[in-house]
Structures are given as structure tokens and as C-alpha cells.
1. How large is the direction-averaged shadow of the alpha-carbon convex hull of region 700-855, in nm²?
2. Just how much of Arg99 is accessible, in Å², when a 1.4 Å probe is used and the result is rounded to the nearest 10?
3. Sort 62-71, 484-493, 251-260 by packing, meaning the average of other beta carbons within 10 Å per residue, with the highest value first.
4. Using a 1.4 Å probe, how large is the accessible area of Ile38, given in Å² and rounded to the nearest 10?
5. What are the extents of the Cα atoms of region 233-379 along their three principal axes, listed from largest to smallest and rounded to whole Å?
6. By how many nm would the segment from Glu474 to Ser126 grow when fully extended, if each residue of separation counts as 0.36 nm and the alpha-carbon distance is taken off?
7. Using only alpha carbon positions, build the gyration tensor of region 459-582, then give the equivalent ellipsoid semi-axes as the square roots of 5 times its eigenvalues, largest first, whole angstrom.
8. Once the dipole of the chain is set up with Lys and Arg at +1 and Asp and Glu at -1 on Cβ about the Cα centre, which of Pro544, Phe96, Val786 lies farthest towards its positive end?
Amino acid sequence: MDANELRAAFTGFFAARDHEVVPSASLIPHDPTVLFTIAGMVPFRRYFVGDEPAPWPRATTVQKCFRTNDIDVVGHTRRHCTFFEMLGNFSFGDYFKERAVPYAWELVTDVLGIDADRLWVTVHYSDDEAAEIWADAVGVPAARIQRMGADNFWQMGDTGPCGPCSELYFDKGERYGEAGGPAHGGAERYVEIWNLVFMQYNRFPDGSMTELPKKNIDTGAGLERILPVLAGTDSIFDTDVLAPLVETAEELTGVRYGREEAHDVALRVMADHGRAMTMLVADGVLPSNDGRGYVLRRIIRRAVLAARRAGARGLITPSLAETTAQVMGAAYPNVREEIEIVTDVLAREESGFDRTLRTGLTMLEGVLADLRDEGSEVLPGETAFLLHDTHGFPVELTEELAREAGMTVDRAAFDAHMEDQRHRSRQAAKAPAGADEPAYRELLDSSGPTVFVGRSPEHYAVPVQVIGVLAGAEPGTVELFLDRTPFYAEGGGQVGDIGTIVTETGRAEVFDTVAALPGLTAHRAKVAGEIYPGQDALATIDGPRREATRRNHTGTHLLHAALREVLGEHVRQQGSLVAPDRLRFDFSHRGAPAQEELDAVTELANQDVLTDDQVVTMEVAKSEAEQMGAVAFFGDKYGDVVRVVRAGPHSLEFCGGTHVDALGMIGPIAIVSEGSIGSNTRRIEAVTGAATVARLRARDRLVSEAAALLKVEPDGLVDALQRLVDREREAERALSRLRASALEREAAELAAAAEAGVVVARRDGRSPDELRNLAQVARGHSVDAVALGGSPDGERVAIAVATGGEPNATEVARQVAGIVGGGGGGSPVLAVAGGRDASRLDEALAEARRLLAPR
């Protein structure tokens with residue numbers, strides 16, 4: 001049974017027992033508590049914790065997962081991997097142990113045909129119920145049911161849903177270790193193939209537990225664990241999901257699997273990481289220096305390093321990705337659909353790392369050798385930081401290489417260097433408001449969060465109360481805090497509002513608005529008079545500026561939707577700036593969009609504007625927003641209730657910013673520029689509304705003025721310009737001919753005045769190039785040698801020398817140039833020199849005559 005057959009057999013078994021077959025979720029989870037989908041239950045977590053009701057009482061899935069818990073041993077064993085598939089069945093308050101246990105046994109023994117005599121079961125020492133079901137309902141001999149402790153108790157965290165679990169193990173046989181079952185036997189002999197989690201308790205902070213009103217089932221069977229059992233092999237790398245990747249790794253490195261353990265480790269690392277990186281990029285992860293992108297970058301670089309050490313010289317990642325698409329494409333079609341993007345992303349990342357890999361490796365190997373000679377076993381954290389910062393070595397990679405040499409890395413020192421770097425970056429990137437955090441915290445705790453009331457024009461001026469005044473970071477400035485505010489605090493790319501806050505005793509000109517803490521808005525201002533806490537005030541924002549800003553913000557949404565429509569759904573927002581005069585949108589994309597694509601983006605966005613559809617904003621449960629198809633940005637954190645903005649037929653996004661009421665209010669949208677700002681990241685700058693109109697008017701005026709100068713109608717401007725260009729080219733050609741003719745005449749005159757076959761003359765007002773050309777042409781008039789000198793501007797000196805090679809033109813030019821305080825160079829037959837002392841030019845030319853005179 002191959003992988004596709006196993007997937008179908010598993011889901012088919014449970015579908016026949018009224019389970020909803022749920023497609024695999026992305027490796028990028030909506031759950032903000034985890035970077036990746038690390039288990040089959042992650043997409044269902046919100047149902048298990050009670051955030052949302054489950055859409056079905058039962059479900060089954062084959063979920064793609066990614067973990068790096070065991071990354072250090074991947075390749076060193078035959079069973080560990082980073083990417084894997086979890087086969088699972090789930091019950092949301094429907095059935096419990098009484099069905100989950102028999103289901104598992106029936107599927108494993110009857111459907112998959114695994115020998116029941118080689119199966120062992122573990123249960124938690126407190127779970128008599130599960131033990132009885134295994135023994136009485138299923139018929140597992142009591143000798144093969146073992147009770148264990150913490151390993152057989154599952155919990156989501158220190159508090160919340162938890163419960164015992166029961167695991168199925170396969171006995172690989174005597175040659176793999178000691179007997180005694182999973183609890184006492186060899187770890188390589190007894191392999192866990194399925195874990196059944198029985199969520200039946202709710203744990204409280206004091207450690208006490210109560211029964212859940214609705215008990216749930218969450219099971220996970222590792223596809224990569226079951227396949228070797230079915231295939232009769234002890235290695236996941238011999239199964240159909242990884243063996244083709246091992247073969248590709250062999251082709252890339254030129255080494256054969258099974259001949260040398262060090263090479264086998266490298267081939268297994270390449271196979272596993274090649275599959276993992278492909279699946280991650282296909283799901284939208286791009287290499288970067290933090291978060292998911294950092295993890296991706298680490299496995300790419302780990303695979304590349306393994307390949308280089310095994311002998312690979314060319315790019316390896318595209319081939320590994322293409323093989324992965326062939327192997328996994330039937331189960332996950334998006335891998336085939338995105339393969340061009342995937343290979344492009346991986347090739348660029350690999351090429352970038354290759355440029356520093358050799359230097360970094362040489363440096364690390366040298367340091368390790370020196371430390372070994374010194375008897376030290378610790379690599380300094382400063383060295384690890386230098387490798388990370390300069391050569392792109394993830395510290396985990398440095399730690400692996402150090403371990404191979406029998407050393408450790410001073411991780412504390414490395415972390416200190418990293419934190420120092422982060423601190424410097426934060427200081428450079430952020431306003432200095434962080435110094436006032438204790439005061440901010442006290443205000444938030446005492447007065448509560450600031451209420452934002454300024455979404456619509458009728459609330460651009462509102463009465464408020466001042467709840468706090470703090471000294472600003474800049475001299476002469478303050479930060480004002482209000483109980484409610486019409487000022488939008490900078491966030492989501494949108495700039496903060498400006499305006500005024502007026503009390504009976506003072507007037508504040510607000511020049512920026514920021515979130516001092518989540519929920520606390522700081523109004524940075526200069527105050528005339530006095531403003532103090534407790535005063536009533538009138539807070540007024542700059543209305544026209546806000547109107548322009550919200551036009552640009554909604555315009556950003558339209559451009560984002562248009563980019564996804566035209567370039568593909570892999571496009572994801574990486575950052576934005578929404579200001580009153582322009583908008584800037586950063587997005588992920590593998591290369592520069594063609595002009596035709598940008599034109600299509602602009603056209604689609606403007607078509608949406610012309611619909612004049614109402615912009616609908618709503619606050620809904622996050623799950624409902626996801627079901628609606630709203631675009632969420634995985635780097636952002638969202639609460640249980642989110643704000644969703646629908647802007648026309650193509651755009652539906654999570655967003656907390658301010659927007660127009662109808663799309664027609666945006667006015668025309670124009671892209672001003674598009675370019676790269678980094679690996680896999682592009683930037684568009686655009687304008688909307690009046691700014692677009694002003695841009696169009698300026699261009700119309702420019703066209704009209706140009707047409708008037710050429711005495712044609714604007715429609716005939718291009719033809720007139722072409723004629724002008726043609727005439728200019730012809731004039732240039734005629735001028736070149738005249739210059740050549742004049743040069744020839746002058747050269748002939750110089751040659752005619754030669755003395756003993758040598759021409760030495762002064763020509764002021766000529767550039768070095770002009771003197772060189774003249775000397776070269778004069779030399780062609782049967783003259784043995786030519787030396788010309790002159791001052792282009794009365795201060796500097798230019799000298800040109802042309803000979804037949806004897807004497808050497810370069811040597812003559814340098815000696816002559818030394819007299820005027822300069823130097824030069826060229827070839828034995830033609831040289832150019834310069835100097836700074838024009839007063840000695842005649843002396844220099846006399847020396848040239850002496851040097852060039854026949855011997």
C-alpha cells in the first residue's frame with residue numbers, strides 16, 4: 001500500500017462511519033499561539049477549547065504538519081522528519097473511548113492488514129476505562145497493554161482541556177532491541193503509530209480537574225510511521241514519499257545511498273528538508289530573518305550545507321522541489337500549481353546563501369581548529385553572532401557544526417549580542433516613547449483604554465476629557481491622553497492623525513498620534529497655554545487630511561485585491577504606508593511584474609472604483625470572518641472579534657483602519673512606481689483622488705507645452721518627436737563627419753611641420769580625449785612620433801603621446817607629466833597624461849621633444 005492508497009483507506013474508513021472528510025489546512029495556522037500547523041488537531045483547536053461550535057460532530061483528515069523539535073537528529077535516524085502527515089479522526093462531543101478504541105483497532109488490523117500479534121497498547125496509569133475497552137471490547141491480551149505515566153497524558157497547556165491518551169505501537173522485532181513492550185523495551189524496536197487522545201477533563205490553575213460536559217476525541221496516526229510498517233522496511237526514507245527525494249539527492253551529490261553513513265545522513269537531510277521547504281513555500285512562507293521565514297531559511301541552509309559537504313556543486317533546491325511536487329502533487333495539488341514560484345524562491349535563497357557559505361565555513365573551521373589546539377570546548381558567542389550576522393549562518397547551524405567537533409556554543413553570549421542588535425534596531429526604528437512605559441501602564445490601569453470614535457466625518461470634532469499629560473520625548477512637546485478620541489493612532493500602515501485639542505486654558509497642536517500601549521492612544525503635541533488632567537476639551541482632527549488618507553487606505557485594499565487577481569493568490573501584504581498624499585504597498589512576489597500586469601492591476605482597481613459600491617465594515621467573530629473568506633495577515637494578531645472591510649467585488653480583508661463610505665469617493669487610482677525592496681518582496685507606490693488628477697493634469701500640461709514647442713497638435717507629438725530625433729541623429733552624424741575632416745586637416749598640418757619625423761605642439765582648450773585623437777591621426781601621416789600638450793582650462797594640463805612603440809609612449813608621457821605635477825599611462829604606442837601646473841607646460845613639451853628626438 002503506497003501513500004495515496006493509505007490516505008484514501010484511512011479517510012474512507014471514517015467517512016463510511018459518518019465522519020466529515022475535511023481537507024488539510026495550510027501549514028500556516030490561524031492559531032496565533034503556534035508558528036506552524038504542528039499536529040492534526042491544530043485546525044480544530046477552536047472547537048476543542050469551546051471558542052466556536054464544531055460544524056460537524058465527527059471529522060477525519062489527512063493534515064500536513066511541520067515541526068522542528070527533532071531537527072538536530074533528522075538525517076541521523078531513519079524515522080525522524082520535519083514535515084509529516086497526520087492521519088486523524090475527531091469527535092466533538094459525539095462518541096468517546098467506547099468507539100475510538102475499536103475504530104483504531106479495526107482500521108489497523110482489518111483495513112491495513114497489520115499483524116495484531118505485533119501490536120502493543122499503552123494507557124495512562126489512571127485510565128482503567130481505556131484498558132478495559134482494549135482488553136474486553138477489542139481483545140488485546142493483557143500482557144500487551146501497558147500503563148504509563150506523563151507520556152500518556154495530553155494537555156493543551158497548564159490549564160484547559162486535557163486527558164489521558166492511549167497509544168498503539170508496532171513491534172519491529174528482536175533485532176531492533178530488547179523485549180518488554182513500549183514501557184520497558186528498546187526505543188527503536190517499538191514504534192508508536194497512533195495516538196488516541198481522550199479529552200475528558202478541564203484543568204484549573206490550582207491543578208484540580210473536573211469532567212468536561214462534552215468529551216472529545218483527537219487522534220493522530222503518523223503516515224510516515226505507518227508506511228514503513230506496511231512496506232516491511234525500517235526506514236521512512238525507503239517509502240514512496242521520501243525514496244524519490246533520496247534518489248534526487250544522490251543525483252545532485254554524486255554519492256550513493258547506503259555506502260557511507262556520513263553521506264547517508266546528508267542525503268536524508270536533503271530529502272526531508274527538500275520536501276519540507278517545498279511544502280512551506282507552496283503554502284506561502286518566504287525566507288526571512290524572523291518568524292516562519294527564519295525557520296524556512298534555517299532548513300534551506302541546513303539542506304544546502306549538507307549537500308555541499310556531500311559534494312554537490314550546483315543548485316539543489318529546485319530539483320528537490322520538483323521531485324516533491326511529483327511525489328506530493330496528487331494529495332496536495334497546490335504544490336504542483338505553485339512549483340514555478342517555489343523553485344524560484346528556493347533558488348534565489350540558495351544562491352544568496354552560497355555566496356557566503358564557503359567564507360563562513362572556512363572561518364568556522366579555522367576557529368574550531370584554534371579552539372581545539374587551545375584545549376577549549378566552547379565557541380565564543382561573539383563568533384557565532386558574526387557568523388549569523390555576516391555570513392547568514394543560523395545559530396542552530398553553528399551549534400550543529402560545533403557539536404560535530406565536540407564543542408558547544410556560548411549561547412548566552414550569542415543571545416546577548418542578538419539582543420543588543422535588536423535594541424539598537426528598535427532605538428533606530430521607534431519613537432522614544434518606550435522610556436515612558438511605566439507612566440503609560442499606570443494611565444491605562446487607572447483610566448482604561450482610549451475609545452476611538454472618529455471613523456465618520458460627523459465625529460471628526462468631539463468633546464473629550466483629558467485624563468493624562470506627560471512630557472514628550474522632544475523638548476517643548478507633550479503627550480496628551482483622552483478618555484475618547486477622534487484621532488486615529490498610527491497602525492496597520494495608516495499614519496496617525498493631526499489636529500487640535502483645545503481647553504479653556506490651552507491649545508494643543510497635535511502633530512502625531514500613536515498607540516503608546518495597545519489600547520492607549522498618545523497625542524503628541526505642542527501646547528500654547530496650559531492643559532492638565534481632568535479638563536474638558538474639544539478634540540478636532542484635520543478633516544481634509546483624514547479624507548485623503550482614508551481614500552488611500554481603501555485604495556490600498558483595491559490594489560491588494562487586484563494584485564492577487566492578476567499576479568496570483570500567493571501575493572501577500574508585507575507592509576504598507578497609508579498617508580494623505582500617497583500610498584505604499586509592499587507585497588510578496590517572486591519577480592518584477594510586467595508592465596502589462598501592472599496595467600491590468602490599475603485597470604481592475606479603477607473598475608472597482610467605478611462601481612461606486614458601498615464599503616461595508618462589520619465586526620464579527622474571527623471564525624465567521626474566515627468563513628467569509630476575509631484575507632488575514634498571518635503576522636498580525638487578532639482577537640475573538642475582528643473588523644472586516646468589504647470594498648467592492650474583489651476585496652474582503654481584516655482591517656482596523658479608516659475607509660471611504662463608497663468606492664467612488666476614492667477617485668482615480670494611479671501607480672506611480674514599482675520596484676524591489678528585498679528578496680521576494682516588491683513595493684508599489686500609488687496615488688488616488690485629487691493626487692491622481694493633479695498628476696494627470698501635470699502630464700497633460702507637459703504634453704501640451706511640448707506640442708506647442710514643436711508646433712503640432714498633442715496627438716501628433718510622438719510623430720513630431722520621432723522626426724526631431726531623426727534630424728538630431730543626422731545632424732550628429734554630419735557633425736561627426738565635419739569633426740573628422742577638421743581633425744584630419746589639423747593632423748596633416750602638424751605632420752607637415754614635423755622636424756626629423758617628430759611633431760611636438762601645444763594645443764590649449766582641448767580635452768585629453770581630443771588631444772589623444774589628434775596625436776593618433778597625426779602619427780598616421782608617416783610621422784615617427786607625436787607629443788601634444790595643452791591646458792583645457794588654464795590650470796590643468798593634458799598631454800598625449802603617440803609613437804611606433806620605440807620610444808615607449810607611456811614612459812615618455814609619464815616623464816613629461818612629472819614636470820607638470822601629474823602622471824598618466826596607456827600603451828607603448830599611445831598614452832595620455834595629465835598634470836596640475838600649466839605654467840610649466842612649455843618646459844614639459846621641450847622635454848618631450850628631447851625624449852622623442854631620433855638617436
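The values are calculated or read from the model by the stated rules, or taken from the named source; none is laboratory data. Being a predicted model, the structure only gives us computed values, none of them experimental. Here the Cβ positions follow ideal geometry from the backbone for every residue, glycine too, while neighbour counts run over all protein chains shown. Please note that ligands, DNA and RNA were not included when accessible areas were found on the heavy atoms of the full protein model with its side chains. Shrake-Rupley method; radii C 1.70, N 1.55, O 1.52, S 1.80 Å.
1. Computed as one quarter of the Cα hull surface, the answer is 11.9 nm².
2. So the heavy atoms of Arg99 present about 110 Å² to solvent.
3. Top of the packing list down: 484-493, 62-71, 251-260.
4. 60 Å²
5. Largest to smallest, the principal-axis extents are 55, 37, 25 Å.
6. Values: separation 348, 0.36 × 348 = 125.28 nm, distance 6.38 nm.
Contour length minus the Cα-Cα distance gives 118.9 nm.
7. Ellipsoid semi-axes (Å, largest first): 33, 14, 11.
8. The listed residue farthest towards the positive side: Val786.
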